[in-house]
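**Student:** Okay, here's the structure, questions in a sec.
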Amino acid sequence: MGSVQFGNVAERREQPPALAVSTVIFALRDDDRTGRKGLWLPLVRRTREPFLGQWALPGGPLGARDSLVDAAAANLRDTTGLIPRYLEQLYAFGDPARSPTRRVVSIVYWALVRENDAQHTESAATSVLLDDPNVAWFRADDVEVMEHLAFDHSRIIDYALWRLRNKVEYGSIAHRLLGERFTLAQVRGVYEAVLNKSLDPANFRRQLRAAADIEETDEFLSGGKHRPPRLYRYSGSTSHPLESETIS
């Protein structure tokens, strides 16, 4: 039996590469360890070989007639229940050794989702996961989990984090994670989550007020015990840098 299995694996390795689509989604969620917001992402536990039982990025095969972005959206919805407002293509990963059986080339997408995107309709953007023990949110800096993912998904997440941290200077990052209106303290929380470090509030506030793409509004955040903070909005382009492909 062992020789037959080995023969089948050897044959699959000689087949043309299979195409798949995977997605990295980041969300801002409470982190009890730090007392502030942190970056989290959803993972799916594999229910078949290879890597049976290990956590992996949500994804699936690319159908013969699927567009890349539609396949990414459909796979994400089917495996996690998440429906982001948009997806952006991140990179293609095709190392011959990334799968122990047939070679697989993965087109990877990424997106940011808001905590308040929790509408339970078929087409509305949502950050609510399926009620499934094989689907869960994990901290992006959870080394114990991230170092033991299936395939090369640890490397993919590292690359996505690197890209995100290089784009954090853009005000649209806060807009994508927080919504249409936000306080300066909330924006600082986004930067601290993405950079994974604390920032001086006074210095950050001074730098942010000088940013070209963030402007104050006449609105204030209500519901607090102290003087309500002013709300700001993102005034830059809504298509850059994280909205290159809208889901149809």
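**Student:** Quick check on the range 165-195: of everything there that is open to solvent by 20 Å² or more (accessible area, probe 1.4 Å) and either outside any helix (DSSP H, G or I) or of a type in the set (Val, Ile, Thr) (or both), which residue is farthest from residue 110 (Cα to Cα)?
**Tutor:** By that ranking, first place goes to 181.
**Student:** Here's another thing I want to ask about it. Taking the range 168-215 as the region of interest, how many residues are of a type in the set (Phe, Trp, Tyr) and in contact (Cβ under 8 Å) with a residue 60 or more places away in the chain?
**Tutor:** Residues in the range 168-215 being of a type in the set (Phe, Trp, Tyr) and in contact (Cβ under 8 Å) with a residue 60 or more places away in the chain: 1 in total.
**Student:** If I ask for residues that are surrounded by 15 or more Cβ atoms within 10 Å (Cβ to Cβ), charged (D, E, K, R) and part of a helix (DSSP H, G or I), which ones from the range 129-164 would you list?
**Tutor:** Across the range 129-164, the qualifying residue is only 163.
**Student:** Only one of (1) over 15 Å from the mean Cα position of the chain (by Cα); (2) modelled with pLDDT of 95 or more fails for residue 42. Which number is that?
**Tutor:** Going through the list (1) over 15 Å from the mean Cα position of the chain (by Cα); (2) modelled with pLDDT of 95 or more, residue 42 breaks only (1).
**Student:** Something else now. Looking at 42, 50, which one is touching a residue at least 60 places away in the same chain (Cβ under 8 Å), part of a loop (DSSP other than H, G, I, E, B) and not polar (S, T, N, Q)?
**Tutor:** 50
**Student:** How do the pairs read when you match residues in the range 220-248 that are at pLDDT 80 or above and of a type in the set (Lys, Arg) with residues anywhere that are surrounded by 11 or more Cβ atoms within 10 Å (Cβ to Cβ) and in a loop (DSSP other than H, G, I, E, B), using Cβ under 8 Å and keeping only pairs 6 or more apart or on different chains?
**Tutor:** Final answer for the pair search is 230/183; 230/221; 233/181.
**Student:** Among the residues of the range 55-70, write down those that are closer than 26 Å to residue 141 by Cβ and either open to solvent by 60 Å² or more (accessible area, probe 1.4 Å) or touching a Pro at 6+ places or on another chain (Cβ under 7 Å) (or both).
**Tutor:** 58, the sole residue that qualifies.
The values are calculated or read from the model by the stated rules, or taken from the named source; none is laboratory data. Bear in mind the structure is a predicted one, so any value in this text is a computation, not a measurement. A quick note on method: Cβ atoms are made from the backbone with ideal geometry, for glycine too, and the neighbour counts reach across all protein chains shown. Accessible surface areas use protein heavy atoms only, side chains included; no ligands, DNA or RNA. Shrake-Rupley method; radii C 1.70, N 1.55, O 1.52, S 1.80 Å.
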